[in-house]
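Comments concern the structure below.
The values are calculated or read from the model by the stated rules, or taken from the named source; none is laboratory data. Predicted, not measured: the structure shown is a model, and the values here were computed from it. Counting neighbours? That spans all protein chains shown, and the Cβs are built from the backbone with ideal geometry, glycine included. Accessible surface areas use protein heavy atoms only, side chains included; no ligands, DNA or RNA. Shrake-Rupley method; radii C 1.70, N 1.55, O 1.52, S 1.80 Å.
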Amino acid sequence: QVQLVESGGGLVQAGGSLRLSCAASGLTFSTYGMGWFRQAPGKVREFVTAISWSGGSTYYADSVKGRFTISRENAKNTVYLQMNSLKPEDTAVYYCAADFRVAITTLPTGYNYWGQGTQVTISS
């Protein structure tokens, strides 16, 4: 079955960096668009960034543009999220998701598979 496993979360101070990874199995990874979402306590899940199957197209939420970078290694079935200049408001559970459609979507309902999430906590 399809599995998406996130790792790399943790506790860092504001201004610091983290790199999240999402390892995929059970699907033809190179044909799926991949996205990262996050959900803070008491808030709805929000789009963070996405990358096309080839890695040729990326899209970022305004709140993370210039600070976060998404990338993928199809040979390793892995997508990454490099997060720099972290802020306390970035604190959330971060989820990766897979979408078999060609076009990048920012809507959670557009994704077919989800990981269990990894906690990111930014202290001020």
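Partner aspartates and glutamates whose Cα lies under 18 Å from the Cα of Lys87, excluding those fewer than 8 positions away in the same chain, are identified as Glu46, Asp62. Expressed as a whole percent, the accessible area of the chain that falls on carbon and sulfur atoms is 50 (1.4 Å probe). Using a probe of 1.4 Å on the protein chains alone, the accessible area found for Met34 is around 0 Å².
For the chain, a simple Cβ point-charge model (Lys and Arg +1, Asp and Glu -1, everything else neutral) yields a dipole of about 60 debye relative to the Cα centre.
Remark on segment 33-91: Rg and Dmax equal 12.0, 37 Å (Cα only). A Förster radius of 41 Å combined with the Cβ-Cβ distance from Ser63 to Arg101 puts the calculated FRET efficiency at roughly 0.95.
Close amide H partners of Phe68, meaning residues 5 or more places away or on another chain with modelled amide H under 5 Å apart, are Asn84. Between Glu46 and Ala23, the C-beta separation translates, for a Förster distance of 22 Å, into a calculated FRET efficiency of about 0.45. Taking all protein chains together and rolling a 1.4 Å probe, Asp62 ends up with roughly 130 Å² accessible.
Excluding ligands, DNA and RNA, the accessible surface per residue across segment 1-88 is 50 Å² with a 1.4 Å probe. Restricting the calculation to Cα atoms, the chain yields a radius of gyration followed by a Dmax of 13.3, 40 Å.
List the aspartates and glutamates whose Cα lies under 13 Å from the Cα of Lys43, skipping any in the same chain that are fewer than 8 positions away. Within reach: Glu89, Asp90.
Computed from phi, the 3J(HN,Hα) profile of segment 111-118 under the Karplus parametrisation 6.51, -1.76, 1.60 (θ = phi - 60°) reads 9, 8, 9, 9, x, 8, x, 9 Hz, with x in place of Gly and Pro. Each of Val102, Ser124, Phe68 was placed along the dipole of segment 67-124 (beta-carbon charges, centred on the mean Cα), and the one lying farthest toward the positive end is Val102.
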